[in-house]
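Presented below is the structure to which this report refers.
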Amino acid sequence: MKAFSQAMFLASSGSAADLPPAGPPEIAFAGRSNVGKSSAINAILGRKRLAFTSKTPGRTQTINFFALGDSARFVDFPGYGFARVPKALRAQWESLVGAYIASRDTLLGVVILMDARHPLTPLDERLVNFLGGVRTLVLLSKADKLTRTEQAAVLKKVSAALGTEVRLFSSLTHQGVEDCRDLLERWLTEPPPQAARIKNPR
Ligand SMILES: Nc1nc2c(ncn2[C@@H]2O[C@H](COP(=O)(O)OP(=O)(O)OP(=O)(O)O)[C@@H](O)[C@H]2O)c(=O)[nH]1
Ligand SMILES: [Mg+2]
């Protein structure tokens, strides 16, 4: 899709009050801090540093919006806590992202990233539950750190556990990038399946 090569930074929101006005359909990227959300956005859009990445977990603290021409947007969520993070911070995340999800009629779906080496952590499960009925695609990130055998095993395990599309993904080697682009293009061009988009599922 041509729009994928026309991405531009649009806006950054630190509170529910300053979300940019809704426009074209939005695809959001969610997952634990440091799992590779911003790197995945860059890889899918074929850019090096459009979304800021960092070795320090928790780099992205705001909801960042990227315009893909005028036909779609990518939305980079802040990282979803660590096990050690204070409850207050998690509540802040849930209130910011929760307000976005509840108010955004143009949210098409959420790409959830889980670390391929240790997916389905309690935080991942909490995130999946939090997102409720929104359409999701799960990317098993940093797949380059696993052998082929390990990759096959984790893909099978996570696919069996979650009733959604799951793919192996690496921003480093670009494994799964093309496939992911195709899937997201389909989200943008095909109408959502019935009940895939339940507003405010909680
Ligand atoms: N080996 C490997 N490293 C990756 C991959 N994707 C991201 N990383 C590294 O993981 C670290 C975190 O990447 P980010 O893309 O900033 O992660 P994030 O999920 O956006 O992090 P927060 O914004 O802090 O929540 C960086 O050091 C990246 O270089 C990958 O596919 N393979
Ligand atoms: Mg980030």
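Each value in this text was obtained by applying a stated rule to the coordinates, not by laboratory testing. Bear in mind that the values here come from a model prediction, so they are computed numbers and not experimental data.
At a glance:
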| read-out | value |
| --- | --- |
| 5 angstrom amide H check on R32, placed H, neighbours 5+ away | Y80 |
| Kirkwood hydrodynamic radius of the chain, from inverse mean 1/r over distinct Cα pairs, in Å | 16.9 |
| Cα Rg over Rh - the range 1-63, Kirkwood | 0.95 |
| MRE, 222 nm, helices only [DSSP H, n ≥ 4, -39500 (n - 2.57), over the chain, to nearest 500] | -10000 deg cm²/dmol |
| Sequence-distant residues sharing a close amide H with E165 (under 5 Å, placed H) | V138 |
| Residues whose placed amide H lies under 5 Å from that of L10, excluding near-sequence neighbours | F65, F66, A67 |
| Proximal lysine pairs, the range 2-189, alpha carbons under 18 Å, eight or more residues apart or interchain | 12 |
